[in-house]
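Working notes, beginning with the structure itself.
The values are calculated or read from the model by the stated rules, or taken from the named source; none is laboratory data. Computed from a predicted model, the values in this text were never measured in an experiment. Counting neighbours? That spans all protein chains shown, and the Cβs are built from the backbone with ideal geometry, glycine included.
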Amino acid sequence: MSILITGGAGYIGSHTCVELLESGYDIVVLDNYVNSCPEALERVKKITGKDFKYYECDIRDKEGLDKIFKENTVEAVIHFAGLKAVGESCQKPLEYYDNNIGGTISLLEVMRENGCKTIVFSSSATVYGEENKVPFVETMKTGTTTNPYGTTKLYIENILQDIYKADNEWRVVLLRYFNPVGAHESGLIGEAPSFPNNLMPYISQVAIGKRECVNVFGDCYDTPDGTGVRDYIHVVDLAKGHVKAIDYILKNKGVEIFNLGTGHGISVIELIKAFSKATGIDIPYKITEPRSGDVAYSYANAEKAYKVLGWKAERDVNQMCADAWRWQKNNPNGYKD
Ligand code: NAD
Ligand code: UD1
């Protein structure tokens, strides 16, 4: 019996593969490498000393998916595969809806045809929208999304709830991630964006000298230092949350939603300073215009995951920065090195 990981060569997927293998699960991975490469999976093997099969496959390719289900005994799926760049999703909404929603529907159809009805889905804190007040709790009504990427997450959550209502043999976990950062402590796997849209990869690229200074998107928010506050979570803690979610859903039916965050927010300037402290590298920054669609605060109430899954984030911001820097320093050009 294996856990099928879609998008397993990506940033969060590769870290989750490590934690699943180290917890004794067998895994099978599929990815179309639109935002990753097979080298990440070779490095997962190196870290864990364990072997597993991986396939080059697009989740919209039902024949390809079916072949994977026929060649393996898939007990459950962790579904990471998706496009995730907020700005790009506003330029290419159809591509995002096709890839993320169309792809998820074809995956769910093939799962059902093969009698596999257990899925853990990568959702996002973005589904809380602008209306809800922090800390975000899973029982809150989802909000209004501000971009097509966020809308795909909200729709997929709805689709997964609907298939359970129609057929309560489905077992579904929706994991709402806050802001994953950092890298595996080996320095062998990490996030390798071609352009750093998110804050931590941008800081790392300033540290390595690829960019001059961090643009801080606005200092006029209603927060202690005026810059946006987020719940940064170490990617290894996040990956461990997936192992707990799989342990849980293999034993329980139904649909459950969990926030995966630390429960604490820190500001843009606090993160820049924490990175300097952890690495000894000065990070120049300048205040620029706010980015459209940003909210002042986003952080989790992380109690449910602790109560139900027995999971909580353990790595602090110092470790997030130190591990992000080790990865960046050892792999200045990502997996091309
Ligand atoms: P990532 O881009 O590194 O990983 C996604 C993987 O999916 C990539 O390897 C990509 O090649 C693959 N993929 C994309 N479309 C595919 C398709 N049609 N068929 C097969 N493979 C496909 O991103 P990540 O940061 O690891 O994110 C993983 C998941 O978590 C995504 O669904 C993302 O939306 C979600 N998420 C990420 C964050 C974050 O901050 N990183 C926050 C909230 C939610
Ligand atoms: C962003 C996405 C969100 C997605 C998440 C994970 C937007 C509006 N939101 O969240 O949908 O789920 O990434 O992929 O894009 N910042 C700077 N300078 C930078 C980059 C960011 O000041 O160069 C600030 C932002 O204004 C924000 C904070 O840093 O206050 C974190 O930004 P980022 O890392 O992009 O994550 P989110 O905006 O929280």
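A few comments on the model shown:
- Count - residues of segment 98-120 that are within 15 Å of ligand 1 (Cβ to nearest atom) and in contact with a helix residue (DSSP H, G or I) (Cβ under 6 Å, 6 or more places away or on another chain): 6
- Entirely in segment 128-246, the strands (runs of 3 or more DSSP E) that have 3 or more residues that are within 19 Å of ILE101 (Cα to Cα): 171-177
- Residue check, LYS210 farther than 20 Å from SER124 by Cβ, more than 15 Å from ligand 2 (Cβ to nearest atom) and over 14 Å from the mean Cα position of the chain (by Cα): no
- Condition met for VAL206 (buried (at least 16 other Cβ atoms within 10 Å of the Cβ), in contact with a Cys (Cβ under 7 Å, 6 or more places away or on another chain) and closer than 28 Å to GLU88 by Cα): yes
- Positions within segment 202-225 being free of Cβ contacts under 8 Å to residues at least 40 places away in the same chain and closer than 24 Å to PRO290 by Cβ, in sequence order: TYR202, ARG211
- Selection of segment 276-301 for residues being aliphatic (A, V, I, L, M) and either modelled with pLDDT under 95 or away from ligand 2 (no atom under 16 Å from the Cβ) (or both) yields ALA278, ILE281, VAL295.
- Criterion (at pLDDT 95 or above, within 20 Å of the chain's Cα centre (by Cα), crowded, with 16+ Cβ neighbours inside 10 Å and part of a strand (DSSP E or B)) met by exactly one of ILE3, ILE59: ILE3
- Qualifying residue in segment 246-257 (condition: in contact (Cβ under 8 Å) with a residue 24 or more places away in the chain and within 10 Å of ligand 2 (Cβ to nearest atom)): no
- Residue count for segment 154-206, restricted to those that are at pLDDT below 95 and hydrophobic (A, V, I, L, M, F, W, C): 2
- Sole exception among (1) in contact with a Gly (Cβ under 6 Å, 6 or more places away or on another chain); (2) within 13 Å of ligand 2 (Cβ to nearest atom); (3) closer than 30 Å to VAL77 by Cβ for TYR232, by number: (1)
- Taking the criterion of being crowded, with 18+ Cβ neighbours inside 10 Å, part of a loop (DSSP other than H, G, I, E, B) and not small (Gly, Ala, Ser), the residues of segment 73-96 that qualify are PHE80, LEU83, LYS84.
- Scan segment 19-51 for residues that are within 16 Å of ligand 2 (Cβ to nearest atom) and not polar (S, T, N, Q) and the total you get is 1.
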